[in-house]
Amino acid sequence: MKITMLGTGAALPDPDRGQSAILISTESGRHYLLDCGEGATRQMLRANINPADVGVVFLTHLHHDHICDFPYFVISGWMLNRETSPVLLGPKGTRRFSDHLFENGAYQADFKARSAYPLRKANLAAVRPDVREIAPGLVYDDGELRMIAGHVDHLPHEVCECFGVRVEAEGKVVAFSGDTKPCAGMVDLARDADLLIHECTFPQSFIDHRAKTGVGTFSHTSPLGLGMLASEARAKSVVATHFGHFDSTSPVLKRAAGKHLPTELMGPHLMDEVVRDIRRNYAGPLRLADDLMRIDL
């Protein structure tokens with residue numbers, strides 16, 4: 001099993017990181033996408049993967065930085081001659097999200113224009129996702145790969161259910177948190193996992209700043225919290241991801257983030273703090289994700 005970190009950033013545009021997207025590829029050549037944030041489709045090409053070959057997309061929740069590349073992914077697959085409908089797994093609201101995009105939604109003009117051509121008319125299934133709104137438990141099993149979803153703690157359920165996922169394939173287990181603060185549900189999903197891919201959006205000082213100012217959600221996992229969770233779950237290795245721009249040196253980002261983050265603290269040096277805090281409770285193999293990082297299990 002191969003894991004490619006297509007996007008490792010968070011909600012703001014970032015010159016160095018795309019938004020949340022992880023590609024899992026099996027030895028047989030099947031591809032599965034966890035989240036579909038900005039840049040996911042382009043990054044597949046950079047990783048030498050045809051988007052039309054990705055059969056399943058799992059959305060952890062409906063925040064824009066986890067879903068906004070989905071229409072580009074679907075339309076690109078259509079143009080690249082996908083023959084079947086992509087399976088779309090996600091929380092309640094996923095069907096509404098998808099239905100408002102394509103032939104009856106935002107990209108209706110594109111659909112009408114392209115579907116007038118015989119080649120595109122022959123593969124209309126490609127732009128008609130097979131949407132499956134999920135509940136906790138087994139949500140996908142194709143005989144080669146299984147996905148078990150569980151609630152995590154990021155947003156109130158009345159706003160949007162948020163899920164983590166446990167992926168089992170080829171005798172290995174990969175757990176992915178989506179966005180969450182540390183919670184028992186994620187510990188269960190990550191139990192004895194060969195690889196835990198977990199959000200580490202902000203250092204604790206940044207979480208405290210957001211809680212104090214009331215700007216945006218602060219239901220995220222600090223490096224200290226990630227180390228504690230990984231240790232409790234007995235994860236065999238950890239990749240920290242979904243970094244909330246705290247390491248950026250971009251002047252544009254710093255000016256724009258002034259009301260969201262303590263920008264005077266931002267910089268690459270904070271990654272040393274991230275590692276130190278994770279290591280306070282977790283001693284196993286640890287990586288800090290970068291876009292297009294590849295992990296082989």
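Sort out which residues of the stretch 153-176 are under 14 Å from the mean Cα position of the chain (by Cα) and free of Cβ contacts under 8 Å to residues at least 60 places away in the same chain, and write them in order of number. Selection gives Arg166 alone.
Quick check on Ala175: is it assigned to a loop (DSSP other than H, G, I, E, B), crowded, with 18+ Cβ neighbours inside 10 Å and in contact with a helix residue (DSSP H, G or I) (Cβ under 9 Å, 6 or more places away or on another chain)? Criteria not met by Ala175.
Between Leu23, Leu34, Leu80, which is among the hydrophobic types (A, V, I, L, M, F, W, C) and touching a Pro at 6+ places or on another chain (Cβ under 9 Å)? Steps first, please.
Numbers: Leu23 fails: touching a Pro at 6+ places or on another chain (Cβ under 9 Å); Leu34 fails: touching a Pro at 6+ places or on another chain (Cβ under 9 Å).
Checking each option against the conditions leaves just Leu80.
Filter the stretch 33-52 down to the residues that are touching a residue at least 60 places away in the same chain (Cβ under 8 Å), of a type outside the set (A, V, I, L, M) and under 14 Å from Gly77 (Cβ atoms) and list them by number. Scanning the stretch 33-52 gives no hits.
Taken over the stretch 201-240, residues that are buried (at least 16 other Cβ atoms within 10 Å of the Cβ), in a helix (DSSP H, G or I) and not acidic (Asp, Glu) amount to 14. The residue that is surrounded by the fewest Cβ atoms within 10 Å (Cβ to Cβ), among those in the stretch 14-29 that are under 20 Å from Thr60 (Cα atoms) and of a type outside the set (A, V, I, L, M), is Ser25. Within the stretch 178-200, being surrounded by 24 or more Cβ atoms within 10 Å (Cβ to Cβ), part of a strand (DSSP E or B) and out of contact with any Phe, Trp or Tyr (no Cβ under 6 Å at 6 or more places or on another chain) holds for Leu196, His198, Glu199. Out of curiosity, is Leu59 closer than 25 Å to Glu144 by Cα, surrounded by 24 or more Cβ atoms within 10 Å (Cβ to Cβ) and modelled with pLDDT of 95 or more? Here the answer is yes, as Leu59 does meet what is asked.
The values are calculated or read from the model by the stated rules, or taken from the named source; none is laboratory data. Please read all numbers here as calculations on a predicted model, not as lab measurements. For neighbour counting, all protein chains shown are included, and Cβ atoms are generated from backbone atoms with ideal geometry for every residue, glycine included.
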